[in-house]
Amino acid sequence: MQNDHDIKTLNSLVETTLDSADGYAEAAKDAKSDALVALFRDRSLERRQVATTLQQRVRELGGEPEEEGTVLASAHRMFVNLRTSLTSNDNKAVVDEVERGEDHIKSKFENAMKDKDVSPGTMAVISDAYTSVRNGHDQMRDIKKGFHD
């Protein structure tokens, strides 16, 4: 029974992390500076590595890991791409959307870390993954702040 809760929690984080990786990949396509393109590509790869780690834990618990992000995120990316192509030709809009996505993933991980029903082993994996999530969030927050100052 414990494993079922851990698996469900981990798979939710896998989906969100894959959404984040896809979001960064899309942002890399939309960014207008080489530095942001490189940054977004690096973050996308890093998020895929985090997802792989979470998926491995699901397998260790005897579960079947999620392999794709959410349908909702896919629809959101399509909307963002359309809006960005119609209204903006600058990095600010791209960074704003990325930072918004970072707020979402950070919140999901923080909620999972508050879950008292998650086993200690799974919590350790989530906490390790959260380090990457928090660093990405803070970096995007700071970049966004720079664009708005």
Projected onto their principal axes, the Cα atoms of the chain stretch, largest extent first, over whole-Å spans of 50, 28, 21
CD proxy, 222 nm, the chain: helix-only mean residue ellipticity via -39,500 (n - 2.57) per DSSP H run with n ≥ 4, per residue, nearest 500, stands at -29500 deg cm²/dmol
Could you list, bin by bin from short to long, the percent of Cα-Cα pairs of the range 90-149 in 10 Å steps?
-> 24, 40, 23, 11, 2
Relative contact order, percent, of the range 2-148 when contacts are C-alpha pairs under 8 Å separated by at least 6 residues?
-> 33 percent
Quickly work out the Q2-to-D42 label distance, labels modelled 7 Å from Cα along the C-beta direction, and quote it in nm with one decimal.
-> 3.9 nm
Which of K8/K116; K29/K144; K92/K114 exceed 23 Å between C-alpha atoms? The answer is K92/K114
Compute the convex hull volume of the Cα atoms of the range 15-72, divide it by the residue count, and report the result per residue in Å³ as a whole number.
-> 58 Å³
Förster radius 25 Å - calculated FRET efficiency between K29 and F147, Cβ distance, rounded to 0.05 = 0.85
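Rule-based calculations on the coordinates, nothing more; no lab input. Keep in mind that what you see is a predicted model, and the values were worked out from it rather than measured. Backbone-built Cβ (ideal geometry, glycine too); neighbour counts: all protein chains shown.
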